[in-house]
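Engineer: Structure below; questions to follow.
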Amino acid sequence: MGLELSQVTKIYSGRKPEENVRVLDRIDFQIRKGEFFSIVGPSGCGKTTLLRIIAGLDQASEGKVLLGGSEVTGIDERMGMVFQEYALFPWRTTIQNIEMGLEMMKIPKKERRSAAMEYIRAFGLDGFENRFPKALSGGMKQRVSIARTLIMNPEVVLMDEPFASLDNQTRNDLQNFLIRVWDKRKDTVLFVTHNVDEAVYLSDRIMVLSERPSEILEIFDINLPRPRDRTSRRSNKIRKKVLELLSRKG
Amino acid sequence: MKLETRNSLTWRRFLPIFVLILFWQCLSSLGIIPRFKLPSPVQVFLGLRDLVELGMPPGHPLHYHILHSLYRVFLGYVFAAMLAIPLGIAMGWSEKLRMLLGPIIELLRPIPPLAWIPLSILWFGIGIKSAAFIIFLGVFFPILLNTTGGVLGIDPVLIEAARTLNASDRDIFFKVLIPGAVPSIMTGMRIGVGIGWMTLVAAEFTGVKQGYGLGYMIMTARDIQRPDEIIAGMLVIGVIGLCIDGGLRLLENHLVRWR
């Protein structure tokens, strides 16, 4: 069972009814279990708002979010979130950050430690487990943040432009890294980005949103074999289609 | 190598003080500064010896004055911190509480702690309680305001991140708000101890029951016209203040080493 959105609408109310801003308009889609699903759209189009509603950090004005058939009403432990600016706790070391969720679940310290160490090794963070975030590079910080989310084994992983503040090289490395991890685990991922190349490189499907009030313009199936070639002709063709759709509407 | 640089740095920091003392001694020895207005460093040193050996008033040696003063500050300080830190965190968290208490605090805060002395004596009598109350007032507000500011300054995304990791309200309080506000709390504690220490000495000018306290000691030295002991007492107050701040700074560096 995957994630299902039904007629999700978000209106920010102004002082008078005519000042209301409609950000999302009747968003309706489903994500299958184990699918890598991306949302792209012009900046300010409400894709982050949509993700926040799904995460339970924001409330829909109308419509509902269903996960495995049951309605999501607030922050749901079946979902995990990776934030753009890492959102690491600066007073916690790498290992303490990764352990945070397990700590909240009252898992004994020894178990937490050994689970976190596995992630530290798998995520190439060896030797940095006792460092504070200030000592880590942007790419490492985001790997810590992803580990902190994945260690909880959420049914859906929400990612809000996770690579947007990284330089190009680091961004490519992390995309490859994320795909390797995902290939092994087959998490259900909902990935928000404004970067079409990234979406085409990573996703099984891409949903394109319009400008505000955002509605779904189209959902593309990316039937490219993995591992993917960023510069292959077929990948360029899809990229072109998505970009054309975005520029026509924006 | 590293130790050596640090040592020479410390020496260099003290150098201006030595130069000042030397300069002052020269002016005194040459008779440019009259000794009844400002005793020379050597005289101050002898005064300090008298404070330690004979005491002021005689039989009341310096270290007892120090202990009594420290105890008063400690008492007021601990009460203030115990109240101000939780209240500050609660005010940073709850806008309602901020609205409710903010104006009252803004009204009380500008009143100098010393202006409370008459009321404090009326309520607690002359003695440790009233002195501790004055210290409390001096320390309470800086810690409260800094703590509230510290909580308000925590990036809201950290609270959201904690929530998506299934943190309860209790977890948010202990694992996000408190550690996130520690740098500001430490700043407040350092400002507070400085103000508390200053307030103490002034509070002791008005009288102490046991006959001990650095402020009381200085006033007694004035009464029998011993400027050398007055200045020695002032320097003792300064050095102790410096040591307390240094200690808190060490604690701060340890607690916020993640910064």
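The values are calculated or read from the model by the stated rules, or taken from the named source; none is laboratory data. Only a predicted model underlies this, so the values are computations on that prediction, with no experimental measurement involved. Methodologically, a virtual Cβ is constructed for each residue, glycine included, from the backbone with ideal geometry; neighbour enumeration extends over all protein chains shown. Ligands, DNA and RNA are stripped out before the accessible areas are found, and what is left, the full protein with its side chains, is counted by its heavy atoms. Shrake-Rupley method; radii C 1.70, N 1.55, O 1.52, S 1.80 Å.
Engineer: Filter chain B for me: DSSP H helices, axial length by Cα at least 27 angstrom, mean Kyte-Doolittle hydropathy not below -0.5. List them by residue number. Intermediate results must be reported in sequence, preceding the final value.
Structural biologist: On the way: long enough: B:2-29 (40 Å, 0.42); B:62-93 (45 Å, 1.21); B:128-152 (35 Å, 1.76); B:178-205 (40 Å, 1.14); B:227-255 (42 Å, 1.07).
Going by DSSP H runs, the hits are B:2-29, B:62-93, B:128-152, B:178-205, B:227-255.
Engineer: Dipole of the protein assembly as shown, Cα-centred, from +1 at each Lys and Arg C-beta and -1 at each Asp and Glu C-beta, to the nearest 20 debye? Don't skip to the end; give the middle numbers.
Structural biologist: Numbers: 63 positive and 49 negative charges, 173 e Å.
For this selection, approximately 840 debye.
Engineer: Taking a 1.4 Å probe, which of A:Lys241, A:Lys64 shows the most accessible area, and what order do the others take after it?
Structural biologist: Sorted by accessible area, descending: A:Lys241, A:Lys64.
Engineer: Return the distance in nm (one decimal) between the two label points of a simple spin-label model at B:Leu83 and A:Ser114, each offset 7 Å from Cα along Cα→Cβ.
Structural biologist: Result for the modelled spin labels: 5.0 nm.
Engineer: When DSSP assigns beta bridges and you keep just the ones with both residues in the protein assembly as shown, what percent turn out antiparallel, to the nearest 5? Could the numbers behind the result be given before it?
Structural biologist: Details: 19 of 37 bridges.
In the protein assembly as shown, DSSP labels about 50 percent of beta bridges as antiparallel.
Engineer: Right, another one. Per-residue accessible area for B:Tyr64 at 1.4 Å probe radius, Å² rounded to 10?
Structural biologist: Approximately 100 Å² for this residue.
Engineer: Top mean-square fluctuation among B:Ser120, B:Ser94, B:Ser168, Gaussian network model of chain B, C-alpha springs under 10 Å?
Structural biologist: Looking only at B:Ser120, B:Ser94, B:Ser168, the largest GNM fluctuation is found for B:Ser168.
Engineer: Rank B:Leu152, A:Leu217, B:Gln25 by how far each Cα sits towards the positive end of the charge dipole of the protein assembly as shown (+1 on Lys, Arg Cβ; -1 on Asp, Glu Cβ) and give me just the farthest.
Structural biologist: With unit charges placed on the Cβ atoms, the residue in question is B:Gln25.
Engineer: Rounded to whole Å, give me the distance from the Cα center of region A:10-56 to that of region B:233-249.
Structural biologist: Here the two parts' Cα centres lie 58 Å apart.
Engineer: Give the accessible area for A:Met105 in Å² (nearest 10); use a 1.4 Å probe, count only protein heavy atoms, and leave out ligands, DNA and RNA.
Structural biologist: A:Met105 exposes around 100 Å² with every protein chain in place.
Engineer: Using the Cα centre of region A:66-197 as the reference point, and only Cβ charges (+1 on K/R, -1 on D/E), how large is the resulting charge dipole? Debye, rounded to the nearest 20.
Structural biologist: Numbers: 18 positive and 18 negative charges, 124 e Å.
For region A:66-197, the charge dipole is close to 600 debye.
Engineer: Just flag the chymotrypsin sites (Phe, Trp or Tyr not before Pro) in region A:114-156 sitting in loop per DSSP whose Cβ has no more than 11 other Cβ atoms within 10 Å.
Structural biologist: On the way: sites: A:Tyr119, A:Phe123, A:Phe128; in loops: A:Phe123, A:Phe128.
When the chymotrypsin sites (Phe, Trp or Tyr not before Pro) of region A:114-156 are filtered for loop state and at most 11 Cβ neighbours within 10 Å, nothing remains.
Engineer: Please give the helix A:138-150 orientation as an angle from the longest Cα principal axis of chain A, in degrees from 0 to 90, rounded to the nearest 10.
Structural biologist: Long axis of A:138-150 versus the principal axis of chain A: about 90 degrees.
Engineer: Then there's this: How much length, in nm to one decimal, is gained on full extension between B:Leu27 and B:Thr10, taken as 0.36 nm per residue of separation minus their Cα-Cα distance? Write down the numbers at each step before the final one.
Structural biologist: Values: separation 17, 0.36 × 17 = 6.12 nm, distance 2.69 nm.
Length gained between B:Leu27 and B:Thr10: 3.4 nm.
Engineer: Can you run phi through the Karplus equation (6.51, -1.76, 1.60; θ = phi - 60°) for region A:174-191 and list ³J(HN,Hα) in whole Hz, with x for Gly and Pro?
Structural biologist: 5, 4, 4, 4, 4, 5, 4, 4, 5, 4, 6, 8, 6, 5, 7, 10, 10, 10
Engineer: Put A:Thr73, B:Thr187 in order of accessible area, largest first, 1.4 Å probe: what do you get?
Structural biologist: Numbers: A:Thr73 110, B:Thr187 55 Å².
Heavy-atom accessible area, descending, gives A:Thr73, B:Thr187.
Engineer: By DSSP, what percent of the beta bridges with both residues in chain A are antiparallel, rounded to the nearest 5? Can you show the working numbers first?
Structural biologist: Details: 19 of 37 bridges.
Antiparallel bridges: around 50 percent, rounded to the nearest 5.
Engineer: Along the Cα-to-Cβ line of B:Ile159, 7 Å from the Cα, sits a label point; which residues in region B:64-100 have backbone N less than 15 Å from it?
Structural biologist: It comes to B:88-99, nothing else.
Engineer: Using only alpha carbon pairs under 8 Å that are at least six residues apart, calculate the relative contact order of region A:114-222 and give it in whole percent. Mind showing how you got there, number by number?
Structural biologist: Numbers: 87 pairs, mean separation 21.0, N = 109.
Contact order relative to length: 19 percent.
Engineer: Compare the Cα positions of B:Gly241, B:Ile134, B:Asn253 along the charge dipole of region B:37-255 (+1 at Cβ of Lys, Arg; -1 at Cβ of Asp, Glu; about the Cα centre) and return the one farthest towards the positive end.
Structural biologist: B:Ile134
Engineer: Please compare each pair in A:Lys186/A:Lys237; A:Lys10/A:Lys109; A:Lys16/B:Lys175; A:Lys33/B:Lys96; A:Lys47/A:Lys110 to a cut-off of 32 Å on the Cα-Cα distance and tell me which ones are over it.
Structural biologist: Details: A:Lys186/A:Lys237 26 Å; A:Lys10/A:Lys109 41 Å; A:Lys16/B:Lys175 40 Å; A:Lys33/B:Lys96 43 Å; A:Lys47/A:Lys110 39 Å.
Pairs exceeding 32 Å: A:Lys10/A:Lys109; A:Lys16/B:Lys175; A:Lys33/B:Lys96; A:Lys47/A:Lys110.
Engineer: Taking square-rooted eigenvalues a ≥ b ≥ c of the alpha carbon gyration tensor, is chain B rounded, prolate or oblate, where a/c under 1.5 means rounded and, failing that, a/b exceeding b/c means prolate? Write down the numbers at each step before the final one.
Structural biologist: On the way: a/c = 2.96, a/b = 1.62, b/c = 1.83.
Oblate is the answer for chain B, as a/c is 1.5 or above yet b/c matches or exceeds a/b.
Engineer: Among A:Ala55, A:Gln169, B:Val42, whose Cα sits farthest toward the positive end of the charge dipole of the protein assembly as shown (+1 at Cβ of Lys/Arg, -1 at Cβ of Asp/Glu, about the Cα centre)?
Structural biologist: So the residue we want is A:Gln169.
Engineer: Can you list residues whose amide H is under 5 Å from A:Ile39's amide H, if they're 5+ apart or on another chain and H is modeled 1.01 Å from N?
Structural biologist: When sequence neighbours closer than 5 places are left aside, the close amide H contacts are A:Phe191, A:Val192, A:Thr193, A:Met207.
Engineer: Additional query: If the only charges are +1 at each Lys and Arg Cβ and -1 at each Asp and Glu Cβ, what is the size of the charge dipole of region B:98-192 around the Cα centre, to the nearest 20 debye?
Structural biologist: Numbers: 7 positive and 5 negative charges, 46 e Å.
With Lys and Arg at +1 and Asp and Glu at -1, about 220 debye.
Engineer: So, taking all protein chains as they sit and a 1.4 Å probe, how much accessible area belongs to A:Lys186, in Å² rounded to tens?
Structural biologist: Approximately 100 Å² for this residue.
Engineer: Would you mind pulling out the separation of the Cα centroids of region B:154-217 and region A:176-198, in Å?
Structural biologist: About 44 Å separates the Cα centre of region B:154-217 from the one of region A:176-198.
Engineer: Can you sort B:Ile85, B:Ile185 by solvent-accessible area, 1.4 Å probe, largest first? Spell out each step's value before the answer.
Structural biologist: Numbers: B:Ile85 40, B:Ile185 15 Å².
Correct descending sequence by accessible area is B:Ile85, B:Ile185.
Engineer: Report P(r) for chain A: all Cα-Cα distances, bin width 10 Å, range 0 to the bin holding the largest distance, values in whole percent.
Structural biologist: Spelled out bin by bin, chain A gives 7, 30, 34, 21, 7, 1 percent.
Engineer: Also: Picking from B:Leu48, B:Leu97, B:Leu165, which is most flexible by a Gaussian network model of chain B using Cα springs under 10 Å?
Structural biologist: Top of the fluctuation ranking is B:Leu165.
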